[in-house]
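Reviewing the structure listed below.
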Amino acid sequence: MAVTGTVAATALAQSVPAGTVADIEERTRPFGELCLEGEDCGGEESAPAVVAVPTGRSGADVYASACKICHETGLNEAPKSFDLEAWASRLEKGMDELVRVSREGLNLMPPMGACMTCSDDELRAAIEFMTTAPED
Ligand code: HEC
């Protein structure tokens, strides 16, 4: 008496929720493809780096692609970009300490400011960029 029941191996649908792939692509876009608000986004490399960084991205670039999302609005009490008062007490720690904290994270500030490819120099440039008055 053979048991004839066949269990169809149902292929588990490897479904990815809509938008996920696009979201990841958006988040992992190479730097430089993002365009600073108010800038000419035509592709010409027009914005001068605020801080001279011999190698790597400018503070403005790193800021726009990694830090702005929280610091522009002060999300989760992040010190607001260009708000010199908000940064004053932080700056008292010294730039080296701020770079260290940025690398390691602090409470709701993610390690590396979520810029996982950032060098210390790039983090520093981004911090310097958002802790000084905006250029016009
Ligand atoms: C997900 C949101 C988020 C992102 C992205 C983010 N930050 Fe922050 N950041 C915060 C928050 C929140 C704080 C305040 C942390 C606290 O004091 O508890 C903070 C604080 C800081 C501080 C102050 C640290 C201190 O010791 O007082 C520095 C410097 C900083 N961020 C740099 C950066 C840089 C540079 C980037 C981009 C490379 C970045 N952040 C991206 C949320 C963010």
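The values are calculated or read from the model by the stated rules, or taken from the named source; none is laboratory data. Here the structure is a predicted model, which means the values were calculated and not measured. For neighbour counting, all protein chains shown are included, and Cβ atoms are generated from backbone atoms with ideal geometry for every residue, glycine included. Side chains included, ligands, DNA and RNA excluded: accessible areas come from the protein's heavy atoms. Shrake-Rupley method; radii C 1.70, N 1.55, O 1.52, S 1.80 Å.
Just to make sure I understand: if all protein chains stay in place, what is the order of Leu106, Leu123 by accessible area at 1.4 Å, largest first?
From most accessible down to least: Leu106, Leu123.
Based on the mean of other Cβ atoms within 10 Å per residue, sort peptides 125-133, 85-93 so the most packed one is first.
Put in order of decreasing packing, that is 125-133, 85-93.
Calculate the spin-label point distance for Leu91 paired with Asn107, positioning each point 7 Å from the Cα along the beta-carbon direction, and give it in nanometres.
Using points 7 Å along Cα→Cβ, the separation is 2.1 nm.
Specify whether the C-alpha gyration tensor of the range 54-136 places it in the rounded, prolate or oblate class, a ≥ b ≥ c being the square roots of the eigenvalues: rounded for a/c under 1.5, otherwise prolate if a/b is larger than b/c and oblate if not.
It comes out rounded by the Cα gyration axes.
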